[in-house]
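Chemist: Submitted below is the structure of interest, expressed as structure tokens.
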Number of protein chains: 2
Amino acid sequence: MLTKEQLETLWAEADEIYLNNISIDCVVFGFHEGVMKVLMLKSNNEDAWLLPGGFVRKLEPIDVSANRILKERTGLDEIFLKQFHVFGDPDRTKLHNEMYRDMLPAKKNFFDRRFISIGYYALVDFVNANPTPDVFSEVCTWQDINDLPPFQLDHELIFKTALDTLRLQLNYQPIGYNLMPREFTMPELQKLYETILGKKLDRRNFQRRMLGFGILNKLEETRKGGAHKAPYLYEFNLEHYQAALDGGLSGGW
Amino acid sequence: MLTKEQLETLWAEADEIYLNNISIDCVVFGFHEGVMKVLMLKSNNEDAWLLPGGFVRKLEPIDVSANRILKERTGLDEIFLKQFHVFGDPDRTKLHNEMYRDMLPAKKNFFDRRFISIGYYALVDFVNANPTPDVFSEVCTWQDINDLPPFQLDHELIFKTALDTLRLQLNYQPIGYNLMPREFTMPELQKLYETILGKKLDRRNFQRRMLGFGILNKLEETRKGGAHKAPYLYEFNLEHYQAALDGGLSGGW
DNA sequence: GCAAAAGTGTTATCCCTACACCCATGC
DNA sequence: GCATGGGTGTAGGGATAACACTTTTGC
């Protein structure tokens, strides 16, 4: 819980360095042990969870802001980030504003404002991310997207919009590179797609389609140790992957 | 050309009623006589053209802002509008800022600021639109998208991004309703698609696909007066059209 | 009657879907 | 050896793409 003094310092700083009225919220997807996760923060004022977010420095490009915010929350650099929607309802932070209004005089309170929020979604490497809370939160952790805690503000809408966008993007762009470890098996990759889409796919057709994209290199090794036939390992062919990102894939699920 | 006094009044008003640092720019598409048009304004300070734009009132939802701005520029209400991208480079309005900096003291100048611009594209009825300049421009008119004048600021990027987005949307959504007159022929509709996509389509396959969507009603009448065989007229089936908008179409070109 | 535009139908191909059999491994 | 998961191939159906002939109309 922040003290009144801390809040006043924060406010003073924020007003100096950030643009007023604009915020950024990020939906950070990770994938681990066959489960799709999203990074969330538990507010230290309420029993509700938020997406990682922040503000835009006065002379900072917004993509850089989003990167900076996520670097603070995950320790990762060079994150795959895409803006997907702007949330511009004047009432979207109403509850939030009222909370802070009790703590500081409204007139001079950076946080008691309307914020138009630019939504970004991010695909990150679960294993190397190091979730770190910010000053407004006590916990920063991954949540299973099928078992989410209660959201604060309009963050549930932001999350859902991001997931819908990601599902659509799946038809146009390869997405595995940022979410899978460097080497992976076809069933593992399939699990990722199934998790995002929320439905089962046919093993054989999935494999054919993926290979058809030409973005995978089949490796010689197999993943030993499983209780059954050892699956082959694959890695992404970065050159073709990048070309697919730029040029787009085709078709739909 | 605005006088210094007018600018000062504008500045004072703007600071009162609009959010700082946020703007909206609109790419307004119209279609007339087989040519795709975009609405543009000629700045009264420079020999360069701008997309219609404006600012967000302090308590106004951003979608409402976009509608309001376009109502001022076209006289139309209930415009088909979709936000498509945020342009957040701090230098995007640099030249613009310098221009206004000469006219008013920077510190107190609403226009000498960084603006993060939310891009909307709009599809409007060319015939009923009534292009009207704003206070910063002397001309507001339609421009052929294949023969565009020089753009100011980053408005060329905004335009191109909008067109790319529209092309993608074509795969998911019907778009004719907002661009065509109430009754139209199949070749006319095809021309619209060809203009947006920038390529020729097969007459027969186009017709089959369109009819397959089930969003058209074939009318009894034909368009007389042409120098050749009279084509049938169609109208959109609004119920099915709306369903297609909500549910999405399928496939790709 | 001829040129130009519009109406309509057929075929081939590709891609996606659905489905079946064999192989490797751990218990 | 048997259950489980993984590797691979094939046949059918639906949609798209390519393509040709006929009809109408103004000159």
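Chemist: When you go through B:64, B:38 one by one, which is the residue that is at pLDDT 95 or above, β-branched (Val, Ile, Thr) and surrounded by fewer than 21 Cβ atoms within 10 Å (Cβ to Cβ)?
Modeler: That would be B:64, the only listed residue that is at pLDDT 95 or above, β-branched (Val, Ile, Thr) and surrounded by fewer than 21 Cβ atoms within 10 Å (Cβ to Cβ).
Chemist: Also: Identify all residues within the stretch B:1-52 that are in a loop (DSSP other than H, G, I, E, B) and touching a strand residue (DSSP E or B) at 6+ places or on another chain (Cβ under 7 Å); write none if there are none.
Modeler: Selection gives B:44, B:48, B:51, B:52.
Chemist: Cβ-Cβ under 6 Å, sequence separation 6+ or interchain: first residue in the stretch B:229-248 and touching a residue at least 40 places away in the same chain (Cβ under 8 Å), partner aromatic (Phe, Trp, Tyr). Which pairs?
Modeler: As it stands, the answer is B:236/B:177; B:241/B:177; B:248/B:172, since those pairs meet every condition given.
Chemist: Which condition number does residue B:122 fail, the rest of (1) open to solvent by less than 50 Å² (accessible area, probe 1.4 Å); (2) within 14 Å of another protein chain (Cβ to nearest Cβ) being met?
Modeler: It fails just one condition, (2).
Chemist: If you go through the stretch A:61-101 one residue at a time, how many are more than 12 Å from chain B (Cβ to nearest Cβ), touching a residue at least 60 places away in the same chain (Cβ under 8 Å) and not in a loop (DSSP other than H, G, I, E, B)?
Modeler: So the count comes out to 4.
Chemist: Quick check on this structure: which one of B:205, B:237 is within 30 Å of residue A:168 (Cα to Cα) and within 11 Å of DNA strand C (Cβ to nearest atom)?
Modeler: Just a single option satisfies the conditions, and that option is B:205.
Chemist: For the stretch B:227-237: of the residues being more than 7 Å from DNA strand D (Cβ to nearest atom) and open to solvent by less than 90 Å² (accessible area, probe 1.4 Å), which is farthest from the chain's Cα centre (by Cα)?
Modeler: Of everything passing the filter in the stretch B:227-237, B:231 is farthest from the chain's Cα centre (by Cα).
Chemist: Only one of these conditions is not met by residue A:200: (1) more than 16 Å from DNA strand D (Cβ to nearest atom); (2) at pLDDT below 95; (3) loosely packed, with under 15 Cβ neighbours inside 10 Å. Which number is it?
Modeler: Status for residue A:200: all satisfied but (1).
Chemist: Being open to solvent by 50 Å² or more (accessible area, probe 1.4 Å) and of a type in the set (A, V, I, L, M) is the filter; apply it to the stretch B:157-197 and report the residue that is farthest from residue B:78 (Cα to Cα).
Modeler: Among residues in the stretch B:157-197 that are open to solvent by 50 Å² or more (accessible area, probe 1.4 Å) and of a type in the set (A, V, I, L, M), the one farthest from residue B:78 (Cα to Cα) is B:157.
Chemist: Just checking: which of the helices (runs of 4 or more DSSP H) contained wholly in the stretch A:142-253 hold 2 or more residues that are within 14 Å of chain B (Cβ to nearest Cβ), out of contact with any Gly (no Cβ under 7 Å at 6 or more places or on another chain) and more than 20 Å from residue A:33 (Cα to Cα)?
Modeler: Of the helices (runs of 4 or more DSSP H) lying wholly inside the stretch A:142-253, those with at least 2 residues that are within 14 Å of chain B (Cβ to nearest Cβ), out of contact with any Gly (no Cβ under 7 Å at 6 or more places or on another chain) and more than 20 Å from residue A:33 (Cα to Cα) span A:155-169, A:238-247.
The values are calculated or read from the model by the stated rules, or taken from the named source; none is laboratory data. No experiment lies behind these values; they were computed from the predicted model shown. Neighbour counts are summed over all protein chains in view; Cβ atoms, including those assigned to glycine, are modelled from backbone coordinates with ideal geometry. Calculation scope for accessible area: heavy atoms of the full protein, side chains included, ligands and nucleic acids excluded. Shrake-Rupley method; radii C 1.70, N 1.55, O 1.52, S 1.80 Å.
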